[in-house]
Amino acid sequence: MTPTRVAGIVLAGGLGERFGSAKAFAEVGGMSLAARTAKLVSRGIGGGPLIVAAGSGGETPNDLPRGAMLAVDSEPDAGPLAGLAAGLLALEGVADIAIVVPCDTPLLHPAFVSALAFLLAESDAETALLEGPDGRPRPFPGGWRVSLASQVSNALKAGERRPWSVAAGTRMLSLTEADLLADDRLAELDPQLASLSDADTRERLGQLTGAAPRVRVNVSGRRSVQRSWTLTEALAAAGADPEAPCTVNDLAPISADRYPLAEGDSVVVL
């Protein structure tokens, strides 16, 4: 069987009317929301293709991950459906499924992204979406097959603006929280599904930023638990050189600069 190619789409084009400004540019731990979310999605998809869907003006923060591709909304002020359409069209021929996430999810866990991708890849569904509190499918975060690109784009051109309405017309895998938490790793690292917490307002963002991920840091055998948004923060809090070579979850040494951490990460200074 041909392996499923998994990509990520980060929706970063919203005007942030309730927030008071474009949420993509708001900062958490010295990093823009769009960049943090994009880098966490990239971790969850194993470094696969990554699209950042910007608004029709194409403005994005300057700290997005290297290699991220920009997709610009074709319809101005058309909401997240425009970002979804732009992202899926950009991935045609490049990936089979896309995990689509709003940029205002600072507690997103890579394990959530991986679990969602697995559930869609193992099914014959076109979308894998959580049930929303109102009974409608929750389109984001969600899994969408890239083959839906034309269908989503045509709906947008026809005047549709409701992602859940488009999703309802697909062959859908309707998921409960229990379905996601059947993934042992996700159940261990994000049992409350904080990945779904979004920052619709500045007040809400303030609440979320008070719960930085707890990470384990090992510096020359000295072990500690820190609450840190980035690797640089975690190293500094543990009394280590922020530029010291290190690993995260036993992966190859990486640069600490603007590397986002997630709940349960294990940092070892080499």
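The values are calculated or read from the model by the stated rules, or taken from the named source; none is laboratory data. Bear in mind the structure is a predicted one, so any value in this text is a computation, not a measurement. All Cβ positions, even for glycine, are placed from backbone atoms using ideal geometry, and neighbour counts span all protein chains on display.
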Taking the criterion of being at pLDDT 95 or above, in the same structural domain as ALA35 (by TED's automatic domain parsing), among the β-branched types (Val, Ile, Thr) and buried (at least 22 other Cβ atoms within 10 Å of the Cβ), would at least one residue in region 88-95 satisfy it?
no
By residue number, the members of region 187-239 that are in contact with a Pro (Cβ under 9 Å, 6 or more places away or on another chain) and of a type in the set (Asp, Glu) are ASP198, GLU233
Does ALA7 satisfy being among the small types (Gly, Ala, Ser) and under 14 Å from the mean Cα position of the chain (by Cα)?
yes
Against the condition in a helix (DSSP H, G or I), out of contact with any helix residue (DSSP H, G or I) (no Cβ under 8 Å at 6 or more places or on another chain) and closer than 21 Å to PRO61 by Cα, how does ALA82 come out, does it pass? no
Exactly one of ALA125, ALA98 is of a type outside the set (Asp, Glu), touching a Gly at 6+ places or on another chain (Cβ under 8 Å) and crowded, with 17+ Cβ neighbours inside 10 Å, and that one is ALA98
Assess whether PHE140 counts as being modelled with pLDDT of 95 or more, of a type in the set (Phe, Trp, Tyr), assigned to a strand (DSSP E or B) and surrounded by fewer than 24 Cβ atoms within 10 Å (Cβ to Cβ). yes
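Give the residues of region 148-164 that are outside any helix (DSSP H, G or I) and among the basic types (Lys, Arg), sorted by residue number.
Answer for region 148-164, where residues must be outside any helix (DSSP H, G or I) and among the basic types (Lys, Arg): ARG161, ARG162.
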query: So is GLY16 out of contact with any Leu (no Cβ under 8 Å at 6 or more places or on another chain), assigned by TED's automatic domain parsing to the domain that holds ASN154 and either at pLDDT below 95 or at positive phi (or both) or not?
result: yes
Checked SER74, SER114, SER123 against criteria (in contact (Cβ under 8 Å) with a residue 24 or more places away in the chain, in a loop (DSSP other than H, G, I, E, B) and under 23 Å from ALA178 (Cα atoms)); the one match is SER123
Test result for THR201, of a type outside the set (Asp, Glu) and touching a Gly at 6+ places or on another chain (Cβ under 9 Å):
yes
- Any residue in region 225-234 that is of a type outside the set (D, E, K, R), under 20 Å from the mean Cα position of the chain (by Cα) and farther than 18 Å from ALA35 by Cβ? no
With criteria (1) on the phi < 0 side of the Ramachandran plot; (2) out of contact with any Leu (no Cβ under 6 Å at 6 or more places or on another chain), ASN249 comes up short on (1)
Picked from region 40-67 (must be farther than 19 Å from ALA95 by Cα and of a type in the set (A, V, I, L, M, F, W, C)), the residue surrounded by the fewest Cβ atoms within 10 Å (Cβ to Cβ) is LEU64
Those residues of region 171-225 which are among the acidic types (Asp, Glu), buried (at least 17 other Cβ atoms within 10 Å of the Cβ) and either at pLDDT below 95 or not assigned by TED's automatic domain parsing to the domain that holds VAL28 (or both) amount to ASP198
